[in-house]
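What follows is one structure encoded as structure tokens, with my remarks underneath.
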Amino acid sequence: MSRAQPGTKRGLRDTTVSTLLLAASVLALLRPIPLHAQETELRGEVSESAILSDQQRKARQLVMASPQDQQAQANAAATDDAPADTYQPASPGAVPDDTNATGATGSIFDQPAATDDTLGDEAAPVKPRRPSNAKQRADAAGDKTKKGKIKKKANQQADTATTAATDDTGTTDEDQDGANPRAVTIDSADRQELDPGAERTGAIEGLDRKIEDDPFAATGIKIGSFVIRPTLEQGLTASSNADLSSGGKPALLSETALRFNAISDWQENSATIDGYGIFRNTISGDEVHDALGRVEGTLNVDLDNELRAIATLGYEAVPESASSPVVIVGTVEQPVRQTVNGGLALVKDVGKLRLGLTGAVEHDIYGDAELSMGGSLSQKDRDSTLYTATLRTGYEISPAITPFTEVQVGRRAYDQQFDTNGYERSSKGIGARAGVALDLREKLVGEFSAGWLTETFDDSRLQPISGPTLNAGLKWSPERGTTIGLLALTTVEGTTTAGESGDLLYAASLLGERQIRANLTGNAVLAAGWRDYAGSDGHDLILSAEAGLTWWLNRYVGLTTRARTEKQTSNLPGRDYKANSIFLGVKVQR
């Protein structure tokens, strides 16, 4: 009995130790893992045994073992807990200052360290005890910042790898929502190019290229603030009546035509200059040496309060036509008539009311006529100046239609008060007309009008010139590439023939141009004129027709040809004639 008592006490002590070890193991297993450890990213599935330390595995085995084996396992655990060399960190304060009773820095109650395969150099964070002094707190803060930078860099590398994997397999829901834009890889770019439903982007060099309406139109030359488009035409003309006279003869002529157009590129105001010059010389046949030309400029200036000013200035030099009402017998060639004209118009818009006031001046100068018998005949008694003032009032019914009325007064003053026959040719004129202005943009634009004109001479022996007037200027485009124009004009022609006042000339022409192909253009002109002599029943009828083709070899050079027929019939003797001609040449433009 005396021996049994010590054994009983030792058995009780062993049982108590086993119970304590069992309770410690259970508490270690039930202790929650800190949140910072749960945030550690692991690649793949990690087994439960991989995150347990050796001491925790031993504690679990001890709990699950039978009561007979628990004593042996406890003795083995006590042996394993023998004191070991204490780890001394390089930086003070990296671990708690105090240790457990055995002198070791860790125990089965400490949180096991987990290894992150993705972050090979970073250990699982362990919540440290608050440092005891300022230096230790500073060192701890530095280590925390360094670890944060390393973790941020690793997360960026992981995101890059995830994006590349997503591009190989397809888009994710996050990519589709736009929260995580997908990086473009070479493979994805190839798939986008081969995708028939994907929209392709045009070439860089073609982004600002515009389709030209007329690829063979003149590009022009930039000089200052103007764009000039010159055209040179050189060819041969074969005519059955070279000088368009009643006794004209055939001839082969060299014909040169120079035309130009200049347009300003100003932002608000505008200016245009148009001109042409035609030179004809005989190669064989009837002797003809003449030149004609005209230049005219228009300036359009916008003023304040819906007020515009339009100024015009022009000069023309042409040989007098053989069909002129003044016939000089026995001349070598027709004398040259020069005309200088200018005008200024003020246009005011008041609501839908359109007001305009125009003043114009035109001066005619007639050259001397060279006689076939020698000498010359002066025509200074025909020189005159015409002054006119026109008041125009219109009302815009719609942006496309504006009816208008015009009233015109004028004075024709001759340089010489009396002509060679003793007549005072100066006169006063008054006229009125009504018409409609049309503006349907590219389809139809222009105006037409009709009225009455009367011109009374200072010499009572001369009968006044009076009659209806017709004027029109329309441009119609029924379809793309086709243009049709209508021109009509009524003018008063004076004369110095004794006892005659002059005539009214009505002229009209219908023009058509068709772009048959991009480099082939056709044109045609039908014209008619009627001359009504005042104070007599005399009249002239002039009819003409012309057709031509231009074939462009490129934008700058083309071949051109045209055929023309013209005929005049009159009830006055010696005024009938007929002429047919054909032209073939080369056209150069810039």
message: Restricting things to Cα coordinates, could you compute the convex hull volume per residue of the stretch 230-285 in Å³?
response: 76
task: With an 8 Å cut-off on Cα pairs and a minimum separation of 6 or more residues, tell me the relative contact order of the stretch 431-590 in percent.
output: 13
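Give, as a single signed number, the net charge of other residues whose beta carbon lies under 15 Å from the beta carbon of GLY374, with Lys and Arg counted +1 and Asp and Glu -1.
-3
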Amide H contacts of THR495 (H built 1.01 Å from N, under 5 Å, at least 5 apart or other chain): none
- request: Kindly flag which residue pairs out of LYS380/LYS428; LYS222/LYS380; LYS222/LYS475; LYS475/LYS587 have an alpha-carbon separation exceeding 32 Å in this structure.
  value: LYS222/LYS380
statement: For the stretch 439-511, shape from the Cα gyration tensor axes a ≥ b ≥ c, cut at a/c of 1.5 then a/b versus b/c, turns out prolate
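With a sphere of radius 9 Å drawn around the Cβ of VAL525, what net charge do the other residues whose Cβ falls strictly inside it have (Lys, Arg +1; Asp, Glu -1)?
0
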- line: The answer for the net charge of residues other than GLU424 whose Cβ lies under 10 angstrom from its Cβ, with Lys and Arg +1 and Asp and Glu -1, is -1
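Each reported figure results from applying straightforward, stated rules to the coordinates on display, with no laboratory input. Not measured: the values here are computed from a predicted model. Because the Cβ atoms are built from the backbone with ideal geometry, glycine has one as well, and the counts that use them run over all protein chains shown.
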